[in-house]
Amino acid sequence: MKLIEVVADAGHLDTLLGLAEQHGALDCWYSQTTDDQRRSVRMLVADEARQTVLDALQNLLGASENARIIIQPVEAVLPRPAPKTEDADNNSSGATREELYNAIEKDARLDRNFLILVFLSTVVAAIGLLENNVAVIVGAMVIAPLLGPNIALAFAATLGDRDLLLESLKTNLAGVALALVVSFLIGRFWQVDVPGTEILSRTTVGLDGIVLALASGAAAVLSLTSGIASALVGVMVAVALLPPTAALGMMLASGQPALATGAALLLAANVVCVNLAANLVFLIKGVRPRTWLEKRKARQSVVWIVLFWFIALGVLLAAVAV
């Protein structure tokens, strides 16, 4: 349940009140006219109606320059509303498209904080691999700066958002490149003549690893769309992208191309599987653009992207089978 506040011209008041009633808002109230002739209408909206209400509000106020739609969290409501008995739709208990965009877009930004996190987590992962220390490697996994841009890439493809897609792709490439450079330099200073078990485990990929990455990518999106953010920690550990990247850089620096190839295959498998699973779950959960034209563009975008990931997965399976 969320509180949706709409600030718009007073002439929209009756339409807004009718919209709240039409979509079953649990309660609705408004303030008196302000000095600039706008009114603030607040609607208490249940989860299953939130996306429908937001779409209707954007259709109504899309051309209004001074209108604002604000979504506010609600901790509790007393007296408690009666529980719904009818079946909810696929996205009824989760976040709306706008809330997902707000949360996911932040992780797609290529800024100083992202680069610092990649640098630090690569150092932590490399030290953990060199010392064969599982606890340290798990620490690098939990930081997981590369997971966010991959989820953003899948989300952008689902919505057909070209700007977000390019931004997340750029952030992904920059993050992987930085992690490779840092781990390569570490491998130059600390040569790995006899790799430990933790490094060796990041230089092989099998069918079980591919299934794990698919399941983890699906779990990541489910945790975001359902609002269960705590589940993301488990996903970060299950489908770690930095340890194989660090292993790849160090094996290249140590002159061990066979192990470096295995690490590269594991990294590629994780990236492909996370994106493919994320795309499919976004589609199953009914995440779509708002307008007809945007839906048409998104349909074309997601078909090509999903096809690309399926082909990439087939190539990886063939490489693993060899």
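Computing FRET efficiency as 1/(1 + (r/R0)^6) for R296 and R68, where r is the C-beta to C-beta distance and R0 is 30 Å, gives about 0.60. For the chain, take the longest principal axis of its alpha carbons; what is the angle in degrees between that and the long axis of helix 207-226, to the nearest 10 within 0 to 90? Between the helix axis and the principal axis of the chain, the angle is about 20 degrees.
Here the spin labels are modelled as points 7 Å beyond Cα on the Cα-Cβ line, and at E131 and D27 they lie 5.5 nm apart. With 0.36 nm allotted per residue and the present C-alpha distance subtracted, the L207-L3 stretch has 68.9 nm of extension available.
Exposure proxy shown here: for D161, D208, D27, D55, the number of other Cβ atoms within 10 Å sets the order, fewest to most, as D208, D27, D55, D161. A simple count of charges around A263, restricted to other residues whose Cβ falls under 15 Å of its Cβ and scoring Lys, Arg +1 and Asp, Glu -1, yields 0.
Here, the stretch 97-321 has an Rg and a Dmax of 17.2, 58 Å when only alpha carbons are counted. Look at the dipole of the chain built from charges on Cβ: of V138, L276, L57, the Cα furthest out on the positive end belongs to L276. Packing around the peptides 195-205, 245-255, 300-310, taken as the average count of other Cβ atoms within 10 Å per residue, puts them in this order, highest first: 245-255, 195-205, 300-310.
Each peptide among 257-266, 143-152, 112-121 gets the average number of other Cβ atoms lying within 10 Å of its residues, and from highest to lowest they stand as 143-152, 257-266, 112-121. Of Q58, Q256, Q22, which is the most mobile in a GNM of the chain whose springs link Cα atoms less than 10 angstrom apart? Taking springs between Cα atoms under 10 Å, the residue moving most is Q22.
The convex hull drawn around the Cα atoms of the stretch 2-73, when projected onto a plane and averaged over every direction, covers 4.3 nm². Computed per residue of the chain from DSSP H runs no shorter than four, each worth -39500 (n - 2.57), the mean residue ellipticity at 222 nm is -21500 deg cm²/dmol.
Enter the angle in degrees (range 0 to 90, nearest 10) between the Cα long axis of helix 147-159 and the first principal axis of the Cα atoms of the chain, meaning the one along which they spread out most. Approximately 50 degrees, to the nearest 10. Charges were assigned to the Cβ only: +1 to each Lys and Arg, -1 to each Asp and Glu. The resulting dipole of the chain about its Cα centre is roughly 600 debye. Using a cutoff of 8 angstrom between alpha carbon atoms and counting only pairs six or more residues apart, the relative contact order for the stretch 97-321 works out to 28 percent.
Between helix 257-284 and the chain, what is the angle of the helix's C-alpha long axis to the longest principal axis, kept within 0 to 90° and rounded to the nearest 10? Around 20 degrees separate the two axes.
Only the coordinates and a few stated rules stand behind these numbers; no lab work does. Quantities reported herein were computed from a predicted structural model and do not represent experimental measurements. All Cβ positions, even for glycine, are placed from backbone atoms using ideal geometry, and neighbour counts span all protein chains on display.
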